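Colleague: Pasting a structure below so you can have a look.
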Amino acid sequence: MIKVVKRAQTGFTLIELIIVIVLLGILAVTAVPKFLNLQKDAQQGALEGLRAALTSSANVVYAKALIEGATDSADTTLSSGIRVRYGYPYATQTNLKLVADFTEDDFKLTGSAPEVIATLESATSGLSNAEINASDVCKLTYRHPNQGEQPTITISDCDS
């Protein structure tokens, strides 16, 4: 009689290894685009923080303007040196820096009344104001209000 001796399998077959490599490739192809978009997400997060700071600061400035009776004027300067339009901060680069207390080390400001655009300095270093306005760089726009309104603060171009 012939006795057949079965050997125990000690490793993976070539087919099993190829299947695992193909599956890892498919997972990588579907996951990589999500990770590549993290920079835009980070830029949007930084601008969301700036928007919150500007909104809070604008409300504090409005309270000061209310106390000083400067909520009915289209252009007044408060005793603190902040220029207001109907009680809210006027849209100039100098004024917004004063209101939100930040420097251009982090954010680059362009434009002037009625709106100022803020972008991250790291994302727009070397770009002119016209290039920033024409590009799809993640940006925050502060537009000062008309009478009876609040300022409009929007974030755009962060989803591409």
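Colleague: Quick one: is ALA42 surrounded by 12 or more Cβ atoms within 10 Å (Cβ to Cβ), of a type in the set (A, V, I, L, M, F, W, C) and out of contact with any Leu (no Cβ under 7 Å at 6 or more places or on another chain)?
Modeller: Criteria met by ALA42.
Colleague: Another question about this same structure. Can you tell me which residue in the stretch 77-134 is farthest from THR152 (Cα to Cα), limited to those that are of a type in the set (Ser, Thr, Tyr) and assigned to a helix (DSSP H, G or I)?
Modeller: SER122
Colleague: Looking at the stretch 115-141, I want the residues that are touching a residue at least 24 places away in the same chain (Cβ under 8 Å) and within 20 Å of GLN39 (Cα to Cα) and have a partner that is assigned to a strand (DSSP E or B) and among the acidic types (Asp, Glu) with Cβ atoms under 8 Å, at least 6 apart or on another chain. Which pairs are those?
Modeller: Filtered contacts from the stretch 115-141: THR141/GLU115.
Colleague: Name the residue, out of LEU17, LEU47, that is surrounded by 11 or more Cβ atoms within 10 Å (Cβ to Cβ) and either outside any helix (DSSP H, G or I) or in contact with a strand residue (DSSP E or B) (Cβ under 6 Å, 6 or more places away or on another chain) (or both).
Modeller: Answer to the check: LEU47.
Colleague: Any chance you could count how many residues in the stretch 8-38 are of a type in the set (Phe, Trp, Tyr) and more than 33 Å from the chain's Cα centre (by Cα)?
Modeller: Number satisfying all stated conditions: 1.
Colleague: Quick check on THR141: is it hydroxyl-bearing (Ser, Thr, Tyr), surrounded by 14 or more Cβ atoms within 10 Å (Cβ to Cβ), touching a strand residue (DSSP E or B) at 6+ places or on another chain (Cβ under 6 Å) and assigned to a strand (DSSP E or B)?
Modeller: yes
Colleague: Check off (1) modelled with pLDDT under 90; (2) open to solvent by less than 40 Å² (accessible area, probe 1.4 Å); (3) touching a strand residue (DSSP E or B) at 6+ places or on another chain (Cβ under 8 Å); (4) among the polar types (S, T, N, Q) for ASN129 and give me the number that stays unchecked.
Modeller: Unmet for ASN129, out of (1) modelled with pLDDT under 90; (2) open to solvent by less than 40 Å² (accessible area, probe 1.4 Å); (3) touching a strand residue (DSSP E or B) at 6+ places or on another chain (Cβ under 8 Å); (4) among the polar types (S, T, N, Q): (2).
Colleague: Out of ALA91, ALA53, ALA58, report the one residue that is among the hydrophobic types (A, V, I, L, M, F, W, C), touching a helix residue (DSSP H, G or I) at 6+ places or on another chain (Cβ under 6 Å) and open to solvent by less than 60 Å² (accessible area, probe 1.4 Å).
Modeller: Matching residue, one of ALA91, ALA53, ALA58: ALA53.
Colleague: Testing ASP41 on (1) more than 28 Å from the chain's Cα centre (by Cα); (2) acidic (Asp, Glu); (3) assigned to a helix (DSSP H, G or I), one condition comes back false. Which one is that?
Modeller: (1)
The values are calculated or read from the model by the stated rules, or taken from the named source; none is laboratory data. Every value quoted in this text rests on a predicted model; they were computed, and no experiment measured them. Every residue, glycine among them, receives a Cβ derived from its backbone with ideal geometry; neighbour counts consider all protein chains shown. Heavy atoms of the whole protein, side chains included, go into the accessibility calculation; ligands, DNA and RNA do not. Shrake-Rupley method; radii C 1.70, N 1.55, O 1.52, S 1.80 Å.
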